[in-house]
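The values are calculated or read from the model by the stated rules, or taken from the named source; none is laboratory data. The shown structure was predicted, so the numbers you read here are calculated from the model rather than taken from an experiment. Here the Cβ positions follow ideal geometry from the backbone for every residue, glycine too, while neighbour counts run over all protein chains shown.
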Amino acid sequence: MSDDAGYRPKSTLTRWLDARLPMVRFIYGFGVSFPVPRNLNYFYTFGGMLTLVLLSQVLTGIVMAMHYVPDVVLAFASRERFMRDGQFGWLFGPWHAVGASFFFIAAYIHLARGLYYGSHRNPRELIWIIGVLIYFVMMATSFLGYVLVWGMMSTSGAAVVTGFFKAIPYAGPWIHETLLGGYSVGQATLNRFYALHYLFPFILLFLVGLHVWAVHHVGQNNPAGIEVKTAKDTMPFTPYATVKDLFAICIFLIFFSWFIFYMPDYMGHPDNYIMGDTMKTSSHVVPEWYFLPFYAMVRAINFDFGPISSTIGGLLVLFLSVIVLLFVPWLDRSKVRSARYRPLYRWFFWLFLCDVVLLGWLGSRPIEPIYLAWSQVATAYYFMYFLIIMPILPKFEKTILPPDSIYDDWKEHKKRGGRLW
């Protein structure tokens with residue numbers, strides 16, 4: 001837990017406040033004196049980046065909501081008019097759109113780092129689970145916001161995604177009609193999605209607060225994957241980790257700003273710059289880039305499996321591909337946390353990352369036999385990684401002996417010239 005023993009209120013006002021509402025003491029223990037492992041590298045800065053981007057998304061989203069008109073006739077035009085003629089609309093519109101993409105970039109790196117260094121292992125299972133729940137809500141929030149653009153790809157995507165639910169036995173039609181507010185995408189759909197898109201970011205803020213609280217309760221993991229043993233293993237969060245985080249965040253913001261000011265539409269789809277028409281569908285419906293791996297997995301199931309139709313099978317694969325992340329703390333059976341000391345596992349891990357990138361590329365391709373075949377292979381490896389490699393590989397993998405302490409790992413890290421791996 002956070003150590004606030006170093007805080008001493010000096011003025012009469014701070015002593016009075018500390019006795020009644022120790023807010024300053026809490027902030028000091030949470031963000032100044034909190035001990036962190038001294039061997040943390042720059043991959044541990046993405047949590048701070050995610051918090052910063054989330055706050056920027058909430059603030060820019062509030063501004064966008066003030067100018068948005070949730071009407072099927074006016075929605076597309078209201079957004080475009082604000083971005084072209086509204087005060088600072090040229091900034092807030094691209095900022096909110098690009099921010100969604102960079103939110104997912106940081107989240108995917110954060111998740112990959114957790115898998116590589118074993119941040120999901122005991123006693124941090126709940127930290128991982130809350131993080132996955134944050135990812136669930138991120139996906140829902142992003143999809144809802146994408147539909148609010150009310151371009152051709154938005155309305156087509158809404159029809160396709162909500163149409164999946166009709167395949168669910170018995171409750172499917174009811175779920176579909178409840179989501180849409182009727183039998184097809186229309187005004188009721190826009191009203192529902194607008195209300196939920198405004199609500200979900202505040203659920204995200206709550207979950208992020210729980211996530212950070214859990215991290216501060218059990219302590220941060222580290223690249224060596226070993227626990228803190230002595231005071232030499234840690235250092236105060238401020239100024240040491242703070243300076244490292246600020247430097248990494250500045251580099252992150254340079255790329256973020258480059259896209260906002262020079263390539264704001266680079267990650268969007270051309271069809272979404274055409275006003276949506278619920279009576280028409282785009283010729284090649286694709287989601288935003290951060291959903292493409294899951295879209296490829298859904299399309300990979302183009303065959304019936306006994307009584308399970310291809311539509312239901314695709315829906316099951318979609319849900320299982322995300323839900324399996326919740327069970328990672330128990331699927332990973334290795335006694336060694338960090339992949340630094342698991343030579344064989346490292347190969348499977350990097351192959352897994354390549355597999356996810358391949359799925360993303362395949363999701364953007366048209367529906368052709370060659371792409372479907374590769375999607376099926378990539379989908380199979382995605383599930384093999386979690387359900388077979390994670391639990392079975394530790395039984396015969398020869399691991400490297402980790403260092404005795406975090407301090408020893410830090411000294412060795414300095415000798416190597418600061419290599420990240």
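Some values worked out for this structure:
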quantity: Condition met for ASP404 (modelled with pLDDT under 95 and not aliphatic (A, V, I, L, M)); calculated: yes
quantity: Boolean, VAL298 is touching a Leu at 6+ places or on another chain (Cβ under 6 Å) and either farther than 16 Å from LEU372 by Cβ or hydrophobic (A, V, I, L, M, F, W, C) (or both); calculated: yes
quantity: Identity of the residue in region 117-143, within 16 Å of the chain's Cα centre (by Cα) and among the aromatic types (Phe, Trp, Tyr), that ends up nearest to ALA224 (Cα to Cα); calculated: TRP128
quantity: Qualifying residue in region 182-191 (condition: without any contact (Cβ under 8 Å) to a residue 40 or more places away in the chain, over 24 Å from ARG337 (Cβ atoms), assigned to a helix (DSSP H, G or I) and not aromatic (Phe, Trp, Tyr)); calculated: yes
quantity: Subset tally (residues that are out of contact with any Leu (no Cβ under 9 Å at 6 or more places or on another chain) and either on the phi > 0 side of the Ramachandran plot or of a type outside the set (A, V, I, L, M) (or both)) for region 335-364; calculated: 10
quantity: Region 290-311, subset among the hydroxyl-bearing types (Ser, Thr, Tyr), part of a helix (DSSP H, G or I) and in contact (Cβ under 8 Å) with a residue 12 or more places away in the chain, residue surrounded by the most Cβ atoms within 10 Å (Cβ to Cβ); calculated: TYR295
quantity: Leading residue by the ranking (surrounded by the fewest Cβ atoms within 10 Å (Cβ to Cβ)) among those in region 144-162 that are more than 23 Å from the chain's Cα centre (by Cα) and of a type outside the set (A, V, I, L, M, F, W, C); calculated: SER156
quantity: Residues (of a type in the set (D, E, K, R) and either outside any helix (DSSP H, G or I) or under 25 Å from ALA159 (Cα atoms) (or both)) located in region 120-146; calculated: ARG121, ARG124
quantity: Selection count, region 312-326, where residues are in contact (Cβ under 8 Å) with a residue 40 or more places away in the chain and either surrounded by fewer than 18 Cβ atoms within 10 Å (Cβ to Cβ) or of a type in the set (A, V, I, L, M) (or both); calculated: 9
